[in-house]
Amino acid sequence: MQEAMQKFGRFLSAMVMPNIGAFIAWGFITALFIPAGWIPNEGLAELVGPMAKWLLPLLIGFTGGEVIYGHRGGVVGAIATAGIIVGTDIPMFMGAMIMGPIGGVVIKKFDEAAQDSIPGGFEMLVNNFSAGILGGVLACAAYSFVGPIVSSITDGLASAVGAIVSAGLLPLVSILVEPAKILFLNNAINHGVFTPLGMQQAQEVGKSVFFMIESNPGPGLGVLLAYSLFGVGNARGSAPGAIIIHFFGGIHEIYFPYVLMKPTLILAVMAGGVTGVFTLTLLNGGLVAPAAPGSFIAIMAMTAPGAYFSNVAAVAAAAGVSFAISSIFIKATAAADAEKEDALEAAQANMKSMKAASKGQSVEGEKQVAGADIKFIVYACDAGMGSSALGAAALRKKLHKDGYKNITVKNFAIGNIPKDAQIVVSHEKLAERARADSPQAEHIWVKDFTNNNVYDVISERLKGGGVSAPAPDAGGEEEPAQTLKEGVLIKDNVKVGLKSVSKEEAIKAAGELLFKSGYVEKEYIEGMLARERDISTYIGQGIAIPHGENAVKKHVIKTGLVVMQYPQGVKFSDENTAHLIVGIAGKGDDHLAIIANLATITMEYSEEDLKKAYTTKDPQVLFDMFTKG
């Protein structure tokens, strides 16, 4: 049962966490510009409603479909989500979490059933019409059936809360309120149940505890504090920012995804809510009017005279209990969460494909090329000049060293893959684009262009197909060594002993040096940063090769190279630290000499020699390393 709950929580997290940035943007806009916000602005406040009703649910619906079946599943999931948004008046976050995955499952099942019966040449037509028709049917179903069901759930929860209040069991109302809030029904319960009751009580006694049942930020604060101290990965990194928006901005929705990714934390917010309400009733706390938004600042502003201690105590007690229980659950699963952090991101892209790629196996087994037939292998990336060129150079060097000189290994940009390519190696994040550009080929998807087992896969295929490596002196002339053209790397562009900075700062520094040296235009630097945001340029052995994405190749003036040494390292990820940042600007095919030298360095330099290169104070050492073929 516990494992099933964890899987369910990770699945919900996979839908919500990639969109945390959108929630934060909406939270800031809400906290700033609504009439009760920090700097009210009637025009900008118009953004709040459409973002809550349309943008956020559609993002969740798209991501839910994408988790199931890639971009195609995401599109159908978003179409289906639109139906449930139109059918209700409240933000349909819960409905999006239902319809998004359903859309992904439906289109996936259709493709599996129809893939062998589509006539040649009609694939694109069938793909587009099937997604449109099935998405439309799901949108209608969501509007007609799922929307009313979710609305009924909302009304049922409101009635249940009212019954508990009528029975005089006020603290226990949080047992229903907190889970309902997590499902984004907080506004419906607050304004539909507690505000009317609170207004009546405030008129009679001058204050009401009802105004603080839903708006108390304590339970959510406890969860976010626990994540900040004991969480892992993206959840821990984003929790401090969420605390500011939640506690001081009053946007409680910001912490809901953190509970959804670990559903056992519902117990923590329930206990915190019960504690907060009990404290309020015990100490006779309350507000004179609704706290909107439910921030600590708004609560203090609406606190009745003589109730400040009671209200602060209620917030603190709720936060303390929620924090204590959340910490237990989060710490208990911290090790497992750390191991699964990367797996979760991979699952968001393409679960089945990524599993096969991590083993170095072809995803499309029916297109597997026999060893005896392997003649043309392509490495493909966005620009076709950096990571793919390095991977191609490394594989080519290994194959030629073992005598397989009749196998051509080249690198190309996706969009320019030759139609006679037999095997295409591409990064897992580019899988769909690579497959669309070369449907005739076998595809091998990797997480790292240089640190992978593609050579082992190809070598085993060759041996299995009865192809033995020729004698070392057979198979034609030795591939000539490539050396850098004069001026591609100058000694002044070898910088040593630099202080550690963030990877973005290091990449920008490399780009600035390329720009100042006349190799690129200023726009190329942003292309380097964009390339890194898409796929890491860390290649292993303590080396990273930042370079521009394909869109900025036009801003390369001439081929250039800069080498920047960071003895203490630059963190490219939690596992990878680069000591040498090699900024590349390639014009035409000139970058091939650069890649050939990098391939030699990564494969043939000993670990001891590389460590010396990481710490040497003599630029000439690094200059020689990168210029002598």
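Tabulated data for the structure shown
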read-out	value
Highest average packing first - 136-145, 408-417, 207-216, 256-265, Cβ atoms within 10 Å	207-216, 256-265, 408-417, 136-145
Span from the segment 495-550 Cα centroid across to the segment 312-331 one, whole angstrom	43
Calculated over segment 491-627: convex hull of Cα atoms, volume per residue (Å³)	96
Beta bridge orientation in segment 491-627: antiparallel %, DSSP, nearest 5	70
Förster-model FRET efficiency, 22 Å R0, S573 and V501, C-beta, rounded to 0.05	0.90
Dipole magnitude (debye, nearest 20) for segment 491-627, charges at Cβ of Lys, Arg, Asp, Glu	400
Neighbour net charge for K554 - beta-carbon separation under 10 angstrom, K R +1, D E -1	-1
Cα gyration tensor shape for segment 205-258, rounded if a/c is under 1.5, else prolate or oblate	prolate
Total formal charge among the other residues, if their Cβ is under 15 angstrom from that of I581, Lys/Arg +1 and Asp/Glu -1	+2
Of K410/K491; K429/K553; K401/K429; K410/K558; K495/K611; K516/K587, those spanning more than 25 Å from alpha-carbon to alpha-carbon	K410/K491; K401/K429
Summed residue charge, Cβ within 12 Å of L134's Cβ, Lys/Arg positive, Asp/Glu negative	+2
Relative contact order (percent, whole number), segment 491-627, Cα cutoff 8 Å, 6+ residue spacing	30
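No value in this document is a laboratory result; all are computed from the given coordinates. All values derive from a computational prediction rather than experimental measurement. Please note: Cβ atoms are built from the backbone with ideal geometry, for glycine as well, and neighbour counts cover all protein chains shown.
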